[in-house]
1. How big is the range B:59-151 by Rg and Dmax over its Cα atoms, in Å?
2. Using a Förster radius of 51 Å, what is the FRET efficiency between A:Glu394 and B:Asp49 based on their Cβ-Cβ separation? Nearest 0.05, please.
3. Dipole of the range A:245-365 (Lys/Arg Cβ +1, Asp/Glu Cβ -1, origin at the Cα centre): which of A:Asn323, A:Ala254, A:Thr275 lies farthest to the positive side?
4. Suppose every K and R has +1 on its Cβ and every D and E has -1 on its Cβ; what is the size of the dipole of the range A:260-415 about the Cα centre, in Debye to the nearest 20?
5. Give me the 1.4 Å probe accessible area per residue for the protein assembly as shown, excluding ligands and nucleic acids, in Å².
6. Considering just Cα atoms, how many Å³ per residue does the convex hull of the range A:344-467 enclose?
7. Suppose a student asked you for the relative contact order of chain B, using Cα pairs under 8 Å spaced at least 6 residues apart; what percent would you report?
8. Using mean Cβ contacts within 10 Å as the protection proxy, how do B:109-121, A:211-223 order, highest first?
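The values are calculated or read from the model by the stated rules, or taken from the named source; none is laboratory data. The shown structure was predicted, so the numbers you read here are calculated from the model rather than taken from an experiment. FYI the Cβ positions are ideal-geometry reconstructions off the backbone, even for glycines, and counts take in every protein chain you see. Just the protein is used for accessible areas: all its heavy atoms, side chains included, with ligands, DNA and RNA removed. Shrake-Rupley method; radii C 1.70, N 1.55, O 1.52, S 1.80 Å.
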Amino acid sequence: MSEVRARTLAEKVWDDHVVVKGEDGTPDLLYIDLHLVHEVTSPQAFDGLRAAGRPVRRPDLTIATEDHNTPTLAINRPIADATSRLQIDTLRANAKEFGVRLHSLGDVEQGIVHVVGPQLGLTMPGVTVVCGDSHTSTHGAFGAMAFGIGTSEVEHVLATQTLPLKPFKTMAITVEGTLRPGVSAKDIILAVIAKIGTGGGQGYVLEYRGSAIRALSMDGRMTVCNMSIEAGARAGMVAPDETTFEYLKGRPHAPEGADWDDAIEYWKTLVTDDTAVFDAEVFLNADELEPFVTWGTNPGQGVSLSENVPDPSLIADPNDRANAERALEYMALTANTPMKEIAVDAVFMGSCTNSRIEDLRAFASIIKGQKKADNVRVMVVPGSARVRIEAEAEGIDKIVEEFGAEWRFAGCSMCLGMNPDQLAPGERCASTSNRNFEGRQGKGGRTHLVSPQVAAATAIRGTLSSPWDLQAELADAGATSKAV
Amino acid sequence: MHAVSVITGVAMPLARSNVDTDQIIPAVFLKRVTKTGFEDALFYSWRQDPDFVLNQPEYTGAKILVAGPDFGTGSSREHAVWALRDYGFDAVLSSRFGDIFRGNSGKQGLLAAQLSEADIEKIWAAIDEAPGREISVDLITKTVSVGDLRLPFAIDDYTRWRLLEGLDDIGLTLRSEAEITEFESRRASWRPKTLPVK
Ligand code: SF4
């Protein structure tokens, strides 16, 4: 037998899904294992099927949830906004007509599509996952090839369970070392994006490697992979390991019995071969990382919390300089202001980046027994109805309410403000979501992307803060009392 | 998607250049949840003017749009093609198209035929003489016939083949149906299934 070519993780998963190999520059036809559907990007896809008289080829590989438009308060009342209601009603009618499994508002499995797939055990290593949503990259945390698609492609997958695609290039992001307490997965990915830029990953699938990634939980790995898209990449992946298998075992749709053994045997082969070559490589030292925060209007415009708002006049590239100037104007920030002196009006704890149980635990552990700063509105939105129930069983809802924050129902919520959860014009928010674009959280709203830990510390102090600042305060308090 | 070969019908002139997709269909219509029924949205702002060509009785039921240069530039919205199709257009003639628009047209069965600017003007002149006249667009011979005039047009071979065969993207993929079914028969039983609900 001829020697097998050394391959990356991404190449292995890709190769195992090629139905028809493309020739002379034509795309490969790739099989899709799991198709996630939500109400915003699916209506016209179903309508296209209807017009062409086509069925959904594999309803048993398809699952839908309502998330982008759903209210997070009074979920049993009709949705007020006409466009939102229409999209939800349309998804319900389509799911019924085409035999697609749907988890509607009020259902125990309802939630953000990227939280629901993993929690049901549907997302697993070595599978292909698509969704009409760019943050589908989240699922790559399991060693899956997962990427977002447009509405025409949604229709294509519904009809054929395949997609014609050209292979992505591969980039290794190696993060070695140990994160200090208070520094999290979110800080890793924000630092990666600040390093390679919002276009740095264009055309690539990123593979996150190294000891700092291995040390992350599945929830942390999902946070990292989630924001691959903010680095411009189509997908992000982490090779599966014991952490992955541990997470999956016993979940409702995880393989069982002999299937589980077969799966594990295959999953263990899903690592990049030692001699495989990436098209690009990036290194990051985890030891040096600090809590991170964005100052501008794209996710690459970020600094460590201990730094100052950058001075655009020191930026050499004229385009970057102009961008920074525009961003500071929109964000109403002055160059050289210490990030920690920036006061916020709101804190949003949620979104597919940071709304899983561990994120809520991290947030709750910091706010426990504290009171939120006056004048700061704090909203905590679990990623799914399940996460909400799990958190309530641990008393997190009580901690949140005693802190003075709002405990909401699951959904995308203020990540994009398609529902009533929005910033008012000019309001400034520390948000655990993934996009700080102009107006993303509400027209005129100003977003600083942060980790759950930073969100918690900021909610306590009222200014952008890291958990380290709280410890400093406690230490100061200790020193004072000793002196007395 | 229907196969296209020869399109014969009323030709409507649109003597404007740089008609971008926002003019073909304004953004407010993007909120809809259907993929059809956009005929009322076509050239929405312009058609508010009773003198606009779309409102002239001679052009009722027009099938062929004869447009100025750089038709379909701007945002990538597929809705621009949907609106033209839904209104009843089977072909658009222009001396230059926006790239994405031309790609989208081929995928949705709308024939985007590229003629020289001089030939477009000849067609406009012929329509001027007899508004509401029919012309013919022959995809097999790649010619437009206007009375005795025979004018050549360009279209790439791949798109032409797809239109002649009536193949949309999905139709193309379904030509590999046997391979897909065969692949599915080998799919390991541990791989995820959403049904039955567990
Ligand atoms: S939480 Fe935000 S980023 Fe995630 S799917 Fe919803 S809208 Fe998109």
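1. Reported Rg and Dmax, both Å: 12.8, 38.
2. Details: r = 64 Å, r/R0 = 1.25.
That gives a FRET efficiency of 0.20.
3. A:Asn323
4. Details: 14 positive and 28 negative charges, 185 e Å.
Dipole size: approximately 880 debye.
5. Details: 26840 Å² over 682 residues.
For the protein assembly as shown, the solvent-accessible area averages 39 Å² per residue.
6. Details: hull volume 9.9 nm³, N = 124.
Measuring per residue, one finds 80 Å³ for the Cα hull of the range A:344-467.
7. Values: 348 pairs, mean separation 50.7, N = 198.
The value is 26 percent.
8. Values: B:109-121: 18.9, A:211-223: 21.8.
Result, highest mean Cβ count within 10 Å first: A:211-223, B:109-121.
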